[in-house]
1. Within the set of pairs 6 or more residues apart or between chains, which connect a residue that is assigned by TED's automatic domain parsing to the domain that holds residue 44 inside the range 57-80 to a residue that is among the aromatic types (Phe, Trp, Tyr) and surrounded by 15 or more Cβ atoms within 10 Å (Cβ to Cβ) with Cβ atoms less than 7 Å apart?
2. Only residues that are crowded, with 24+ Cβ neighbours inside 10 Å and of a type in the set (A, V, I, L, M, F, W, C): list them for the range 81-113, please.
3. Please verify whether residue 165 is at pLDDT 95 or above and part of a loop (DSSP other than H, G, I, E, B), treating the condition exactly as stated.
4. Does at least one position in the range 176-188 carry a residue that is touching a Leu at 6+ places or on another chain (Cβ under 8 Å) and either part of a loop (DSSP other than H, G, I, E, B) or in the same structural domain as residue 128 (by TED's automatic domain parsing) (or both)?
Amino acid sequence: MIAPDEPTPPAADGDAAPEAGERAFRRGLVLLYDEADVEGAEAAWVEADSLGHPGAATHLGLVAYHERRDVTAAEAAYARGAERGDGNGAFHLGLLRELRGDLEGAEVAFAEGDALGHGGAAANLGVALHERGEVDAAAAAFARADARGHPGGAFNLGVILEARGDTDAALAAYARAHERGEAGADDAIRRLQAP
């Protein structure tokens, strides 16, 4: 499973459902990551999801997909997370649609995740745009992914900058990708620095 996104901030006074949802969501995280109790975590996330917690829905999708290979349940859960504003849910929805061959649907989900601030969604949106020949839009998506700390976003931004002849900016992007562990960044740096 992936690490959770930042938790939802506490609710305003008098609104108990979001607070209860956040408590149940956090309980699920503890059960899974500290106690390796997948069933307990799932039960906590079902409770949090019923209270409208976006991250809980996404985590239920992850459990459905990775533990049971239930693609239908995973897709529905990711969609609930995305509808509630969870960029991670939109990102995973895009990945699932891409796996099924629904490239248009995947791009829509990646765009939604990007709008919600998800680095991976921005990077995947950039790939889709680049494959369509929309290089300027792809570069902008990769730049957003890079700004959010995504290694592939930095690397792909470097590729575009290198193709445009902006060697200094490409080297800087590749260096950021290298710092974040992106495979291939070292080779790109060596190639650009070769005499």
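1. Taking only residues 6 or more apart or on different chains, the pairs are 58/78; 59/45; 60/45; 61/78; 71/65; 74/65.
2. The initial filter retains those residues of the range 81-113 that are crowded, with 24+ Cβ neighbours inside 10 Å, namely 81-82, 86-94, 109-110, 113.
Answer for the range 81-113, where residues must be crowded, with 24+ Cβ neighbours inside 10 Å and of a type in the set (A, V, I, L, M, F, W, C): 82, 90, 91, 93, 109, 110.
3. Values: at pLDDT 95 or above: yes; part of a loop (DSSP other than H, G, I, E, B): yes.
Criteria met by residue 165.
4. Keep residues of the range 176-188 that are touching a Leu at 6+ places or on another chain (Cβ under 8 Å), which gives none.
Taking every residue of the range 176-188 in turn, none turns out to be touching a Leu at 6+ places or on another chain (Cβ under 8 Å) and either part of a loop (DSSP other than H, G, I, E, B) or in the same structural domain as residue 128 (by TED's automatic domain parsing) (or both).
The values are calculated or read from the model by the stated rules, or taken from the named source; none is laboratory data. Predicted, not measured: the structure shown is a model, and the values here were computed from it. Every residue, glycine among them, receives a Cβ derived from its backbone with ideal geometry; neighbour counts consider all protein chains shown.
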